[in-house]
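These notes concern the structure reproduced below.
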């Protein structure tokens, strides 16, 4: 069988030269595709729905991006760009992109921005409608509101309240403000359509305080702490009867006292901060909501052209959420990967971007010993690796010549995740010399042996079925000969389709494959000979 692997040029499949073809089989729906992929960022103990989390994230975004001048956060779409340049320090951040300028984020991932009418601009951006009427420039705030599905009415309420808060607390950093508490104080029943809408908003805001201060606090919380007990009582009471939020109202004073006592606990940092949304995993889930806004609302597999501006402003929430570049990198990796899976695994650019982002994560993993980061890192990489290995441990059932580029990308992602898990997290690896462990080679070796054994077992099942069917016939089928031919076909397919890909991580991928098939067929041959001898000796 070894001759089947000789004299074949094992070339490398390259993303740059071979565009990924469409998958040959129908992909599962979004819910089906992501059903076995729970979030590694952590589950919330609170009863906040996704829409409630999204609105909370938006409130944080607007609060973090507000300017002392009160000017809007303006983004001017490509087609509305003026001819002059704005200073990067402009309060309005009115920097524009020319029609040919590529997004820095996309450029970093090796992706090209579409030009002309094909550009994936956000809804509402552009030069105007078909009537030729020019549209006004779209601000970053309007873009984010549209992307996150927040109504104009709710956006207006939040912005008015934040302006009042800013006027009342001039000079205070936003990180020292408990935003939901101040919103409760500022927004009244008259700001809403009716009592029902106001009550729902108030309950959601109280649940946010509960999640950030009681269920997922930044600092460990003693349950006997009196402020915590008071806050629980206020929140439980508000579930039955909305609280009066007037400044001099007793319930509001009790709420403010309890919230500030909990939020003002120091974590030893130099800056004065209130800790109400920076506890894990609440902060990660809120940040995940913000990153999701970078995807086109009309094409869930595409990243919007204005991603640079949006990402720049999203990062302004780091102070409130207790985030940094390392947490951003691992969260963005997960968001890209999850979006690829949840949208049916059809947009390969998402997988390529996740793989590229994982390279940044690998650098971070070597430079930090933060236990919270290590926990999230391990959970996220384990989830990605587990998903990849479900496909790679039986890659003959998952891939073929028609979707081999998908396999290459998944192998790359899986190997990268495995290397970080083993080299930067595993204590056992640190105790051994690095030269003793080749993570990539070991993983590929495992995939080859596992998948070929599975494929061989399927051939054996087919052969056994043929053997049973022809058992009582005058001329039984030469099962071993048929099996040998099937194994030969499998070897040729391995040589031509899979070995060129796997050789990139294992120089002897073809050798491992042929050795595995030799062993499988040899074991069956030995068993057949042994059975024949038993029958002859019995006769």
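The values are calculated or read from the model by the stated rules, or taken from the named source; none is laboratory data. What you are looking at is a predicted structure, and each value in this text was computed from that prediction instead of being measured. All Cβ positions, even for glycine, are placed from backbone atoms using ideal geometry, and neighbour counts span all protein chains on display.
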Residue that is in a helix (DSSP H, G or I), in contact with a helix residue (DSSP H, G or I) (Cβ under 9 Å, 6 or more places away or on another chain), modelled with pLDDT under 95 and more than 30 Å from residue 421 (Cβ to Cβ), where the choices are 481, 463, 491: 463
Any hit, the stretch 297-306, residues being in contact (Cβ under 8 Å) with a residue 60 or more places away in the chain, under 19 Å from residue 53 (Cα atoms) and either surrounded by fewer than 23 Cβ atoms within 10 Å (Cβ to Cβ) or in contact with a helix residue (DSSP H, G or I) (Cβ under 7 Å, 6 or more places away or on another chain) (or both): yes
Test: residue in the stretch 26-34 that is at pLDDT below 85 and more than 21 Å from residue 337 (Cα to Cα): no
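Quick one: count up the residues across the stretch 347-405 that are in contact with a strand residue (DSSP E or B) (Cβ under 7 Å, 6 or more places away or on another chain) and either outside any helix (DSSP H, G or I) or surrounded by fewer than 19 Cβ atoms within 10 Å (Cβ to Cβ) (or both). Reasoning before the result, please.
Residues of the stretch 347-405 that are in contact with a strand residue (DSSP E or B) (Cβ under 7 Å, 6 or more places away or on another chain), as a first pass: 347, 350.
Narrowing the set further to residues that are either outside any helix (DSSP H, G or I) or surrounded by fewer than 19 Cβ atoms within 10 Å (Cβ to Cβ) (or both) leaves 347.
Result for the stretch 347-405: 1.
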Residues within the stretch 134-170 that are farther than 22 Å from residue 319 by Cβ and part of a loop (DSSP other than H, G, I, E, B), tallied: 7
Which numbered condition residue 441 misses (of (1) surrounded by fewer than 17 Cβ atoms within 10 Å (Cβ to Cβ); (2) modelled with pLDDT of 95 or more; (3) in contact with a strand residue (DSSP E or B) (Cβ under 9 Å, 6 or more places away or on another chain)): (3)
Within the stretch 335-367, tally of residues that are under 11 Å from residue 384 (Cα atoms) and modelled with pLDDT under 95: 0
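Rundown of residues vs (1) touching a residue at least 60 places away in the same chain (Cβ under 8 Å); (2) closer than 20 Å to residue 403 by Cα, yes/no style:
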{"residue": "343", "(1), (2)": "yes, yes"}
{"residue": "348", "(1), (2)": "yes, yes"}
{"residue": "366", "(1), (2)": "no, no"}
{"residue": "377", "(1), (2)": "no, no"}
{"residue": "383", "(1), (2)": "yes, no"}
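Criterion first (within 25 Å of residue 505 (Cβ to Cβ) and in contact with a helix residue (DSSP H, G or I) (Cβ under 7 Å, 6 or more places away or on another chain)) does residue 362 satisfy it? Write out each step before concluding.
Numbers: within 25 Å of residue 505 (Cβ to Cβ): yes; in contact with a helix residue (DSSP H, G or I) (Cβ under 7 Å, 6 or more places away or on another chain): yes.
Criteria met by residue 362.
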Contacts under 8 angstrom Cβ, first residue in the stretch 231-249 being free of Cβ contacts under 8 Å to residues at least 24 places away in the same chain and at negative phi, partner surrounded by 15 or more Cβ atoms within 10 Å (Cβ to Cβ) and part of a loop (DSSP other than H, G, I, E, B), 6 or more apart: 237/243; 249/243
